[in-house]
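Report on one structure; see the data block that follows.
Values quoted throughout were computed directly from the atomic coordinates according to the rules given, and no laboratory measurement underlies them. Values in this document were obtained by computation on a predicted structure and should not be read as measured data. Neighbour counts run over all protein chains shown; Cβ positions are idealised from the backbone, glycine included.
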Amino acid sequence: MEAVILCGGQGTRAYPFTEYFPKPMMPICGTPILVHLMELYAHQGITRFVLAAGHRMEMLIDYFKGRFNDWHIDIVDTGADSDTGERVRRCAPYVGELFHVTYGDGLGDVDLCKLVDYHKSHGGVATVTAVPLRSQYGTIVFNESGCVSRFVEKPVIREHWINAGFFVFSKKVFDLWDGENLEREVLPNLVPHNELYTFQHEGFWKSMDTSRDQADFEALCRSGEACWIVDRT
């Protein structure tokens, strides 16, 4: 199976780094998050990668030249201004009947074998991994009279789930592909066809949207808690 990784966006929230580099090249302890992500897949047996490039594509070409010879890497020009859904669509010639898709700026200890098995079990053309929503704020717990009993720092809100990426698609999904944006158009347009399912992941997941997220990832690495790498053997 191939893993298509979205690497072409301009990553405006990570400016000024992304003025010169693709966002997935933001480092975690000296290694781009993109490589951490590819190692996550390779550790679980997926070593064929399709990098859906665009903004600063030449940096990806230069970085991967002569490296990671045990992996098969296609760097595909999906357009500097293409949206996420269009980037995936342009990678269709490079994938087989079943393939992974993920964002280039998020890491999680997702069991890819279980994800694929779940996708095969439901018969739909698309599976999206979902994680419980973690609040970016602390919350206050109080009783009916307003008396505060405790503070909860950035709680996990399990009544709501969010898109964590780590998709699996059957290639026939392209017969139903409709829209330029993966999240706002392509995936919602699969819902009326009953072709989209969710794989619920309760473990670690985090995206790198800002320099603060980068610092959090580096703190995890330095502490020896790089929990996106899990031994599945």
Check your understanding: Which value results when the Cα radius of gyration for the chain is divided by 2.2 N^0.38 Å?
Key -> 1.06
Practice item. Just need the relative contact order of the stretch 1-117 here, percent rounded to a whole number, with Cα pairs under 8 Å and 6+ apart. Key: 39 percent
Exercise for review: Name every cysteine in the chain that ends up alone, with no second cysteine's Cβ under 4.7 Å, or say none.
Suggested key: CYS7, CYS91, CYS113, CYS147, CYS227
Study note, to complete from the structure: Mean-square fluctuation maximum in Gaussian network of the chain, Cα pairs under 10 Å, restricted to THR102, THR127, THR210, hits THR210
Review point. What are the lysines whose alpha-carbon lies under 23 Å from the alpha-carbon of LYS171, with same-chain residues fewer than 8 places away excluded?
Key: LYS114, LYS120
Check your understanding: What list of ³J(HN,Hα) couplings, whole Hz, do you get for the stretch 21-34 from phi and the Karplus terms 6.51, -1.76, 1.60, once you set θ to phi - 60° and write x for glycine and proline?
Key -> 9, x, 3, x, 8, 4, x, 10, 6, x, 10, x, 4, 4
Exercise for review: Per residue of the stretch 192-207, in order, report the coupling 6.51 cos²θ - 1.76 cosθ + 1.60 (Karplus, θ = phi - 60°) as ³J(HN,Hα) in whole Hz, putting x for Gly and Pro.
Suggested key: x, 8, 6, 10, 10, 10, 10, 9, 8, 10, 9, x, 6, 7, 7, 10
Study note, to complete from the structure: Length-normalised contact order of the stretch 68-217, Cα under 8 Å, at least 6 apart, in percent, tallies to 34 percent
Study note, to complete from the structure: Ordering 47-59, 130-142, 84-96, 185-197 by per-residue average of other C-beta atoms within 10 angstrom, highest first, gives 47-59, 84-96, 185-197, 130-142
Revision key, fill the gap. Per-residue ellipticity at 222 nm attributable to helices in the chain (runs of n ≥ 4 DSSP H, -39500 (n - 2.57) apiece, nearest 500 deg cm²/dmol) works out to -6500 deg cm²/dmol
Check your understanding: Under 16 Å Cα-Cα from LYS206, which lysines qualify once same-chain neighbours fewer than 8 residues away are excluded?
Key -> LYS23, LYS154
**Study point:** ARG134-ALA80 FRET efficiency (beta carbon distance; Förster radius 30 Å; 0.05 resolution)
**Key:** 0.40
